Amino acid sequence: MARGKRLLPWGGAVLAALALPGLYNGLTVRRYTVRTGRFTGPLRIALVSDLHCCRHGRGERRLIEAIHREQPDLLLMAGDIFDHRRDIRNADLFLRGVAGKYPCYYVTGNHEYWHKGKVLPGDMALLAMRGVKRLSGEMETVTLRGQTLNLCGVDDPDASTVHPFYNGGDSGSFLQQLARLREQSRNGHYTVLLSHRPEWFRFYAYHGFDLALCGHAHGGQWRIPGLLNGLYAPDQGLFPPYAGGKYQRGSTTMIVGRGLARENTRVPRFYDPPELVMVELI
Ligand SMILES: [Fe+2]
């Protein structure tokens, strides 16, 4: 008994030593490589998701400088850059730091619709002002460093579900957008789908997109490296299958960013630091 009491503080110290690094909340860079089988040279994509207007250093410098260091050819924003509950200042600082330096594309996330079911005009005006192209059920074929790819983007499904009278406007519902984009993208080029939601992976694979880039799951919030890749994610529940990482289904690859949310999260992230995702297509 007395021996057990003596060991108790040591046990506590070991637990604390294991748990404390898990609370690290600084920016990390996560890198993935995807073999397209079609490119003759590499193309580097920076994927930013779920910023939620959070702060990454003074003037968002930590995030902006991390992106500059990576020298991407393309910057994609997979939704929840804004947050209906938060001031847009940090999002604007971020946009000002990157827009114009790289081709920038954006799709909406659920939080951008949680203001009466419609995107806030101010958020969208800011994107346009900073030169960021929103893909609302749209496709662009771009050529960068001699490599050509189709870039498709869908609105978050909450565009048609949060507000019962709003069906995504002229762009159609989420599923209509997916089907239409797949038809448009049958031109022989490698096709990247930018979508906020990873839980629709089987639809992305069904339509045969080559690569889907997503966010939304925030890494499942709590992780235990090597044991648990995320405890809970919205719209996936407990032990989410697509909390963050690289997934394969048929010929479709999906990469899920764990997002950049920090101070807005009620439950602290655990072994799940905010991340900038870099994808190298080769
Ligand atoms: Fe989010």
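Since every read-out is calculated from the coordinates, none of them should be taken as a lab result. All values derive from a computational prediction rather than experimental measurement. We place every Cβ from the backbone using ideal geometry, glycine too, and count neighbours over all the protein chains shown.
Would you please name the trypsin sites (Lys or Arg not before Pro) within region 190-272 that are DSSP coil residues with at most 10 other C-beta atoms within 10 Å of their C-beta? Present the calculation step by step, with values, prior to reporting the outcome.
Details: sites: R202, R223, K246, R249, R258, R262, R266, R269; in loops: R223, R258, R262, R266, R269.
Those satisfying the criteria are R266.
Using alpha-carbon pairs under 8 Å, 6+ residues apart, how would you state the relative contact order of the chain in percent? Provide the component values of the computation, followed by the final result.
Values: 644 pairs, mean separation 71.4, N = 282.
It comes to 25 percent, rounded to a whole number.
Quick check: the distance between the Cα centres of region 1-61 and region 66-125, to the nearest angstrom?
Result: 22 Å between the Cα centres.
Placing unit charges on C-beta atoms (Lys and Arg positive, Asp and Glu negative, everything else neutral), compute the dipole magnitude of the chain about its Cα centre in debye, rounded to 20.
Roughly 980 debye for the chain.
Mind checking which of Y24, M129, V279 is farthest towards the positive end of the chain's charge dipole, using Cβ charges of +1 (Lys, Arg) and -1 (Asp, Glu) about the Cα centre?
It is Y24.
So how many Lys-Lys pairs in region 24-281 land under 26 Å Cα to Cα, not counting same-chain pairs under 8 apart?
Values: K101/K133; K116/K133; K118/K133; K133/K246.
Summing the qualifying lysine pairs gives 4.
So how strong a dipole does region 190-281 carry about its Cα centre when Lys and Arg Cβ are +1 and Asp and Glu Cβ are -1, to the nearest 20 debye? Walk me through the intermediate numbers first.
On the way: 9 positive and 7 negative charges, 34 e Å.
Dipole about the Cα centre, nearest 20: 160 debye.
With unit charges on the beta carbon (Lys/Arg positive, Asp/Glu negative), name the residue among T141, N110, L75 whose Cα is farthest towards the positive pole of the charge dipole of the chain.
L75
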